[in-house]
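We did not get these values from a lab; they are worked out from the coordinates using the rules stated. Values in this document were obtained by computation on a predicted structure and should not be read as measured data. Cβ placement follows ideal geometry from the backbone for every residue including glycine, while neighbour counts extend to all protein chains displayed.
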Amino acid sequence: MRVAFLLLHDFRFAAQSMEDFAGSSFHFSKEYARLIGKRGHEVSLYTLGHDMDRPKFYDRGDYVIKAYPVEAYFPPGMRFGNSHSVSLLRELSSEKPDIIHFHSYELWSFPYVSAFAKLFGFGLVAQYHGRVDPLAGVKGRLFSLSYKLADRYLVPFAKEVEGLARNAGVSRGKIIRFPNRGVDVRLFRRVCAPEGHPLLLYVGRTPKPSSSLFEKSPHLLLPMMKVLKSRGEDVRLIMAGDGPGLGHLIEMARALGVSDRVTFMGRVSQEELPELYSRAWFTFDPMHMEDIDPYWGGTLKESLACGTPVIAFNNARPRHSKWGLLVPSDPRASASAVAGALREKVVSSQAYIDGPSFVERCCSWSSVIDRLLGVYGGLVERVGWGSVKREVDNPEAHLGARTS
């Protein structure tokens, strides 16, 4: 089977070059491509580079990265999701994939890519990975005809299922609850006990500060740490990750007087993370979430695989969750909620007890890829060059379908 993954954004938001992305650094899209390629399928990963003047192909062994320069930005003035390339689509049409797998269908390129896939008769699987888009409802209604063209939608949230059906008119038979990515459970597991003194953790990129809680907002953790320190709480925070906002965060910590409580590690390898997760009492995923849902997020899944509960923001309904805690974004309110949670014994949390087994059962990379190949198999009548896709009334009935 020939599969083309589309990651149609550039990496301005992460201050990352195409050479960085195509190199040894981890990215969920590369892991999808690698693991599908290892199953014997022909796989390409298409993406865009803001720092390129010509297309570049990178042979990764099990798959090929096909990177194209950005030819246009629309709508203007956005930091993410508005990159476009006609040349990339020309290459895709000549490749003739059996399945196009579009990562992050909230990108502005998705409406015309879905029409392109239908025009050429390619199977189209669209997956939600990204940010909670405040314009999702408007875009869904505006582009409802093109959203109906995808064959399957893979979404982690029940609320997103409702949004696709209500705003974009997508048939519920096309929508499948699905983890947005997998976890290497051989690597991510508890390797030591939590630290004796309360330790908080943030793992992820460090973007420039934004006022939107629908994006990662690690800068909001530093005022919270100032409040915790002023109240005499013996709490430390480790921030592991790199990005365009790292220098700002370091300066912010110094200005707030919490440099002695916050450790900035910069970029760390995947192999270093299990120990950090295991030592921490809580891992922050500092963005708005309706709930702590293990089907969502890479950091969230990795933390639960190591038995460490997760804290996220929810200003409307702060509360305890099975897998962690939802707190207000206001630093005084979040500090109070976190201090209260730290006084509880972390070993009694559901995440510590059930997190690793849940992730292994439902979110390991092996289980995710098995299910994904089942979805593909339900759309493709025969594998290989020139295969013909078929419509399936009940996609879940084909999750066990075999491909080769």
Which option, (i) 76, 61, 47; (ii) 66, 44, 41; (iii) 91, 52, 33, is the value of Cα extents along the principal axes in Å that was calculated from these coordinates? (ii)
Calculate, in nm to one decimal, what His50 and Arg177 gain on full extension: separation in residues at 0.36 nm each, minus their alpha carbon distance. 42.5 nm
Among the aspartates and glutamates, select those whose C-alpha is under 14 Å from the C-alpha of Lys322, and discard any that sit fewer than 8 residues away in the same chain. Glu290, Asp291, Asp293, Asp354
Greater than 29 Å separation of Cα atoms is the criterion. Which listed pairs, Lys56/Lys159; Lys174/Lys301; Lys38/Lys96; Lys56/Lys148; Lys139/Lys208; Lys38/Lys148, meet it? Lys56/Lys159; Lys56/Lys148; Lys38/Lys148
R0 = 41 Å: FRET efficiency of His197 with Phe57, Cβ-based, nearest 0.05? 0.25
What does the net charge come to around Tyr46 if you take all other residues with beta carbon closer than 11 Å to its beta carbon, with K and R at +1 and D and E at -1? -1
Report the gain in length on full extension from Glu275 to Lys208: 0.36 nm times residue separation, minus Cα-Cα distance, nm rounded to one decimal. 21.4 nm
In a Gaussian network model over the chain where Cα atoms closer than 10 Å are linked, find which of Leu221, Leu237, Leu142 has the largest mean-square fluctuation. Leu142
Please tell me the relative contact order of the stretch 234-360 in percent, rounded to the nearest whole number, where contacts are Cα pairs under 8 Å and at least six residues apart. 20
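What's the whole-number percent of alpha carbon pairs in the stretch 19-107 lying beyond 17 angstrom?
Counting pairs separated by more than 17 Å, the tail of P(r) holds 52 percent.
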Through the Karplus equation 6.51 cos²θ - 1.76 cosθ + 1.60, θ set to phi - 60°, convert the phi angles of the stretch 183-198 into ³J(HN,Hα) values in whole Hz; use x for Gly and Pro. 10, 7, 6, 6, 8, 8, 7, 5, 10, 7, 7, x, 4, x, 9, x
Provide Cys306, Cys362 in ascending order of the number of other Cβ atoms located within 10 Å of each residue's Cβ, fewest first. Cys362, Cys306
Taking the Cβ of Asp291 as the center, what net charge do the other residues with Cβ under 10 Å away carry, scoring Lys and Arg +1 and Asp and Glu -1? +2
Using only Cα atoms, figure out Rg for the stretch 199-360 and give it as a multiple of 2.2 N^0.38 Å. 0.94
For the stretch 254-320, calculate the relative contact order in percent as a whole number, restricting contacts to Cα pairs under 8 Å that are 6 or more residues apart. 33
Between Asp260 and Glu233, the two model label points (7 Å from Cα along the beta-carbon direction) sit apart by a distance in nm of 1.8
The simple spin-label model distance between Glu251 and Lys148, using points 7 Å out along Cα→Cβ, in nm, is 5.1
Using only the alpha carbon atoms of the stretch 268-355, find the Kirkwood hydrodynamic radius as the inverse mean reciprocal pair distance, in angstroms to one decimal. 12.9
If I model a spin label at Phe120 and Val86 as a point 7 Å from the Cα along the Cα→Cβ vector, what separation in nanometres do I get? 1.6
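If you restrict to DSSP beta bridges whose two residues both lie in the stretch 199-360, what percentage is antiparallel, to the nearest 5?
15
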